[in-house]
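First up is the structure itself, then whatever we jot down about it.
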């Protein structure tokens, strides 16, 4: 029997710790054959190590390899999968906030969407995946602090205004830049999705992506391919041109685009109440047309009355963000 047939047989085995088959969970990490020793080398993940479940799992694997498939030896390594019981396996709506370039207010948009959700009693978490340009703790006015861990060594997110928030800023010293490359970036992003103890009733996770496309975008695609995207641009055509590229990249990766948010759309002149188009106009419509989606909101420039960056419902921007939340909920309910 060849390795392909063996793999097919192994994928039928049920992991007793979660009642899912090896094939359903894609748990085979490595499968090879040492011809000199007539030895199968197998690395496989299971939901939870230890106890009778692990003993049974090992016996079932040995039976398939040695008895059913006729190999004389087995070198087996089991690891505990972080995927099981993580938020990636729960019925949570993942909403990604993306942009083509920095400086368009993407993180502020992400924060205000989450804030308006929390104000309506929606259980929401926020992942600051903009590792190099992390700003959400500042936007939420969270003093620098390090997260704590529970008894199972799960990271406890920082809680602010009923929102759960995780960011690289919580793991670095104040003002310290993040100088990481692919492997370290992947490890941190994986921690956010697999090792954080999010609330059991979490309904939405807002993910603040880094601008453009790169390793983090690809990593998140492999972790939560079901993420739905909102694209943020400004009215200026140079920003919208790059935003269209980011949207096409998201589509290429298989993400659904929920719509476009045009930030800094205009300034309401307090003298004559006219809408001053400081950054030009047409960018949001251009992105929506280019990506065959909707322009769902145009947010004016204006300093918040009550907070540093967050708007309340008695402000025009707060009302617009509340409408964006309505739109997201509607889209998620009919998906």
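Read-outs: derived from the displayed coordinates by stated rules, not from any lab. Just so it is clear, the structure is predicted and the values come from calculations on it, not from any experiment. Glycine gets a Cβ as well: all are built from the backbone with ideal geometry, and neighbour counts include every protein chain shown.
Details
- Cα centroid separation - the range 203-265 against the range 82-133, whole Å: 12
- Each of 240, 32 was scored by other Cβ atoms within 10 Å of its Cβ. Arranged with the fewest first, they read 32, 240.
- Surface/4 of the Cα convex hull for the range 3-80, nm²: 4.5
- Anisotropy class of the range 232-335 from Cα gyration tensor, a/c 1.5 cut: oblate
- Cα gyration tensor category, rounded, prolate or oblate, for the range 84-127 with a/c compared to 1.5: oblate
- Fewest-first ranking of 97, 122, using other Cβ atoms within 10 Å as the exposure measure: 122, 97
- By the count of neighbouring beta-carbon atoms within 10 Å, fewest first, 69, 330 end up ordered 330, 69.
- Percent breakdown of C-alpha pair distances by 5 Å bin, ordered from the shortest bin, for the range 1-130: 2, 9, 16, 16, 11, 8, 7, 8, 8, 7, 5, 3, 1
- Helix 237-252 axis versus longest C-alpha principal axis of the chain: approximately 20°, rounded to the nearest ten.
- One Cα centroid belongs to the range 140-165, the other to the range 27-54; the line between them spans 36 Å.
- Taking a ≥ b ≥ c as the square roots of the eigenvalues of the Cα gyration tensor, the range 87-333 is prolate, since a/c reaches 1.5 or more and a/b is larger than b/c.
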